[in-house]
Each structure stands twice: as C-alpha cells, then as structure tokens.
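Notes follow once the structure below has been shown.
The values are calculated or read from the model by the stated rules, or taken from the named source; none is laboratory data. Since we're looking at a predicted model, the values are computed, not measured. As a convention, Cβ positions derive from the backbone with ideal geometry for all residues, glycine included, and neighbour counts pool all protein chains shown.
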Amino acid sequence: MADTASALDDVWSEWKEAVNMTASELETWLGTDESKAVGQKEGGSGESVGHASGRHIVKILRSRKGDLGDDDVQHMTKVVGYVHRHSAQGPPKEDVETSKWRYSLMNWGHDPLK
C-alpha cells in the first residue's frame, strides 16, 4: 500500500490538472452520441478505449483519495499521458467546439475549452 500511496502522490497534481471535468459533467458527456462516436474501438466495434476510460475516471473522481488502488493509480497515469499527448497535437483547423479532437479529450475527462 505504501507503494500505491507514493505513486498516487507522484501523479496527483498532474491528474488534477489534466482532468478538468467533474464526475457529473463527465458522466453526462459519456451518455451522448458524440461521446460514443469517437475513439479507437477494440476489434473495430463496441465501446471505444476512451469511453471506457471515462467510466473509470468517473469512478476515480467519486472516490476518496485514500480509497484508490493500484489499478486506479495506473489509470490516472495513463490519463495524464493521453491528455498531454493529445493536447500537444493541437486543435484542428475546423471548429474546435464540435471537433473529434475535443470530443476524444472529453472522453478522457479533459475539456480543452474550459
């Protein structure tokens, strides 16, 4: 558990910066057709990786820090990495507000327009 606590402390501030949507905002977003329409799907069908990630993020956001486990910390680290990489690609030339770029980031708990 000490290793989990240390790893959690290491990722915590980056996580709080990367995930700028509340659990309620993200849960509402995940219920939209736009959310379900973007992202890479395992085997080409079903739920996208980002959509599944969003469900895990909601669980983490609704948990107390001390109740988070190794799998949560690993996911938090994955989320921080994804948000940083995807954000670095920069917004598309078309309307950012309705872009797949933004929608994908939102599935990972980050709304670049906030």
Within the range 63-78, the residues that are among the small types (Gly, Ala, Ser) and in contact (Cβ under 8 Å) with a residue 12 or more places away in the chain are Gly69
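Please tell me if Ala52 is closer than 16 Å to Ala23 by Cα and out of contact with any helix residue (DSSP H, G or I) (no Cβ under 8 Å at 6 or more places or on another chain).
Details: closer than 16 Å to Ala23 by Cα: yes; out of contact with any helix residue (DSSP H, G or I) (no Cβ under 8 Å at 6 or more places or on another chain): yes.
Yes, satisfied.
Mind checking which residues of the range 60-114 are acidic (Asp, Glu), closer than 19 Å to Trp29 by Cβ and at pLDDT below 95? Can you show your working first?
So the first thing to find is which residues in the range 60-114 are acidic (Asp, Glu), and the list is 67, 70-72, 94-95, 97, 111.
Now narrow it down to the ones that are closer than 19 Å to Trp29 by Cβ: 95, 97, 111.
Of everything in the range 60-114, those that are acidic (Asp, Glu), closer than 19 Å to Trp29 by Cβ and at pLDDT below 95 turn out to be Asp95, Glu97.
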### Message
Any residue that is at pLDDT 95 or above, under 20 Å from Ser104 (Cβ atoms) and in contact with a Leu (Cβ under 7 Å, 6 or more places away or on another chain) - is there at least one of those in the range 42-55?
### Response
yes
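Are there any helices (runs of 4 or more DSSP H) wholly within the chain with 2 or more residues that are hydrophobic (A, V, I, L, M, F, W, C), surrounded by 12 or more Cβ atoms within 10 Å (Cβ to Cβ) and over 12 Å from the mean Cα position of the chain (by Cα), and if so which? If you could, list the steps in order and put the result at the bottom.
On the way: elements: 2-18, 23-30, 33-37, 49-61, 70-88, 100-107.
Hits in the chain: 2-18.
Those residues that are without any contact (Cβ under 8 Å) to a residue 40 or more places away in the chain and under 12 Å from Val19 (Cβ atoms), I need them from the range 79-91; list them, please.
Step one: filter the range 79-91 for residues without any contact (Cβ under 8 Å) to a residue 40 or more places away in the chain, giving 81-82, 85-91.
Residue satisfying the conditions is Tyr82 alone.
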